[in-house]
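The values are calculated or read from the model by the stated rules, or taken from the named source; none is laboratory data. It should be emphasised that the depicted structure is a prediction, and the values quoted were computed from it without experimental measurement. Reconstructed Cβ throughout: ideal geometry from the backbone, glycine too, with neighbour counts over all protein chains shown.
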Amino acid sequence: MPRSAIIFVRLIEALNYRIGRMAMYLLFVLAGVLLWSIIAKAFGRPPLWTQEMAQFAMVSYFVLGGAYSLQLGANVRMDLIYGRWSPRRQAAVDAVTVFAMIFFLGVVLYGGIDSTIYAFEIGERSRTVWRPYMAPIKMIICFGVFLMILQSLAFLIRDIARLRGEEI
């Protein structure tokens, strides 16, 4: 494999590893927001922002950790037949099917970017009483999907290398 491809794979996997590990701490943010909501409700003053903030924290955790979970192989895979194949055959099948994932993520990213631009142009806000701006969470979603596309490309390069008898 060309050295640039190896550097790309290692760089993307290192980036996704670090971002995924940092995204894990968003569960503490989520727990803190929910704890605050419980305490505030116990004193009769439920805050308006906690439910939506918890949703934003969960979406951020899920999307920013997506590439990391792909990297770890924590995604759902039908291992009924796949698990019995040789690593080379798995790489061959993955090198073909990864294009479906890249296409899907590309469509999601295209729609996400369009939606984010729209949110910035009109100053889109949530329709709840709290009314937070929607552009920041949409930017996080686009960034997370972009990281998953990069991880998919790293998988493709890794699978091509395996088919050539090399390991990255």
Mind listing whichever residues of region 48-66 are farther than 16 Å from Met139 by Cβ, surrounded by 17 or more Cβ atoms within 10 Å (Cβ to Cβ) and among the aliphatic types (A, V, I, L, M)? Met53, Ala54
Being under 13 Å from the mean Cα position of the chain (by Cα) and of a type in the set (Ser, Thr, Tyr), is that true of even one residue in region 81-88? no
Scanning region 53-80 residue by residue, those of a type in the set (S, T, N, Q), under 15 Å from the mean Cα position of the chain (by Cα) and within 30 Å of Trp130 (Cα to Cα) turn out to be Ser60
For Val33, state whether it is touching a residue at least 24 places away in the same chain (Cβ under 8 Å) and either under 24 Å from Ile160 (Cβ atoms) or within 23 Å of the chain's Cα centre (by Cα) (or both). yes
Do we have Gly83 as closer than 17 Å to Arg162 by Cα and at pLDDT below 95 here? yes
Ala135 vs (1) over 23 Å from Arg18 (Cα atoms); (2) surrounded by fewer than 18 Cβ atoms within 10 Å (Cβ to Cβ); (3) touching a residue at least 12 places away in the same chain (Cβ under 8 Å): all pass except (2)
Filter region 92-114 down to residues that are touching a helix residue (DSSP H, G or I) at 6+ places or on another chain (Cβ under 6 Å) and either among the hydroxyl-bearing types (Ser, Thr, Tyr) or closer than 13 Å to Arg77 by Cβ (or both), then give me how many there are. 3
